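Enquirer: Structure below; questions to follow.
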Amino acid sequence: MEYFEAKPSPPLTGFIKCFWAIRSDAGSGAPEPVLPDGCPEIVFNLSDRFLRIYADGSHEAQPRAIVSGQLRSSISIMPTGRVDLFGVRFHPNGAFPLLRTPLCELTDQVEPLNSLIGSDAEEIAEMIAGASEFRSRGQLFEHFFLRSLDGFDNRVDLLGWLCRSITDQRGQISVSDLCEFFGVGERTLERTFQRFVGLPPKTFARIIRFQNVVRRIEAADTTSLLDTALDFGYYDQSHMIREFREFAGQSPLAYFEETHRISELFTSDHLSDSYNTEKIH
């Protein structure tokens with residue numbers, strides 16, 4: 001499996017966190033969880049379809065171009081053959097200028113891109129499919145996205161500062177502290193987050209903390225769950241395990257006993273400094 005990841009060009013760094021791509025000729029595999037990470041995404045599937053697997057065992061083929069809204073629990077996907085994905089991972093507040101719909105309406109949803117932006121979805125999907133290089137695909141999406149920025153709501157900028165504050169604190173910041181620091185009321189903060197991010201600020205902070213726990217455990221040879229819980233501000237180990245179960249659908253022990261080829265790439269930080277990306281195997 002090959003993985004590519006790159007930052008956008010400077011005009012879009014406040015909206016797009018990274019472009020990424022996964023390629024594999026390995027064929028179909030087992031279902032894999034996709035964990036909540038606080039970031040909406042657009043994914044273009046340029047090869048065989050993926051299936052979304054539901055808890056009751058049913059499944060459905062995913063569209064060629066999808067929007068994944070904010071997740072509050074993991075979802076399960078499975079490749080059916082050759083994998084060639086190109087993705088755009090937005091900052092938590094970054095997708096609104098393109099989608100122009102309250103992000104709370106997409107929470108826990110995976111929707112066809114054309115259901116949100118109409119015929120423009122076919123245009124960008126065809127252009128990306130016609131480009132053979134990762135760098136070119138990113139540049140094409142940037143040109144497409146820049147057209148959407150005319151007249152975007154400047155509250156998105158404020159949300160950028162708020163989300164970065166939460167991320168910089170690894171999710172360990174209270175809503176009251178955010179309100180005090182930025183001079184906004186709690187109800188205003190809640191409404192703004194729901195519209196432009198898709199989650200209440202407290203839930204968003206919990207997900208950021210959870211993602212930091214995932215990365216900590218993945219990076220360590222041996223990890224004390226108690227020490228990890230205390231380092232990230234949980235009351236105790238049981239509190240952390242309960243939240244892990246809520247977001248991942250299983251305990252930390254059960255989750256890390258399995259290999260997750262795709263989801264591990266999504267929770268790692270491989271960002272390169274430019275479009276001169278590195279291949280990660």
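Just so it is clear, none of the values below were taken in a lab; they were calculated from the coordinates. Being a predicted model, the structure only gives us computed values, none of them experimental. Cβ sites come from the backbone with ideal geometry, for glycine too, and all protein chains shown count toward neighbours.
Enquirer: Multiplying the sequence separation of D231 and S73 by 0.36 nm and subtracting their Cα-Cα distance, what value in nm do you get?
Expert: Full extension of this stretch gives 54.6 nm more.
Enquirer: Let me ask something else. Return the distance in nm (one decimal) between the two label points of a simple spin-label model at R216 and S174, each offset 7 Å from Cα along Cα→Cβ.
Expert: Rounded to a tenth, the inter-label distance reads 2.1 nm.
Enquirer: ³J(HN,Hα) across the stretch 29-40 via Karplus (A = 6.51, B = -1.76, C = 1.60, θ = phi - 60°), whole Hz, x for Gly/Pro?
Expert: With coefficients 6.51, -1.76 and 1.60, one gets x, 8, x, 10, x, 10, 8, x, 9, x, 10, x Hz.
Enquirer: Just want the answer: with Cβ charges of +1 for Lys and Arg and -1 for Asp and Glu, which residue in S132, N93, Y255 is farthest toward the dipole's positive end in the chain?
Expert: About the Cα centre, the residue reaching furthest to the positive side is N93.
Enquirer: Considering every pair of different Cα atoms, what Kirkwood radius, in Å, is found for the chain?
Expert: Its Kirkwood hydrodynamic radius stands at 19.5 Å.
Enquirer: Here's something else I'd like to know. Determine the dipole magnitude for the chain: charges of +1 sit on the beta-carbon of Lys and Arg, -1 on that of Asp and Glu, nothing else is charged, the reference point is the Cα centre, and the result goes in debye to the nearest 20.
Expert: That gives a dipole near 360 debye.
Enquirer: Here is a further query. Between H143 and S238, what FRET efficiency follows from the Cβ-Cβ distance if R0 is 35 Å, with the result rounded to 0.05?
Expert: With a Förster radius of 35 Å, E is 0.10.
Enquirer: Here's another thing I want to ask about it. Quickly estimate the mean residue ellipticity at 222 nm for the chain, helices only: each DSSP H run with n ≥ 4 gives -39500 (n - 2.57), and the total goes over all residues, rounded to 500.
Expert: -12000 deg cm²/dmol
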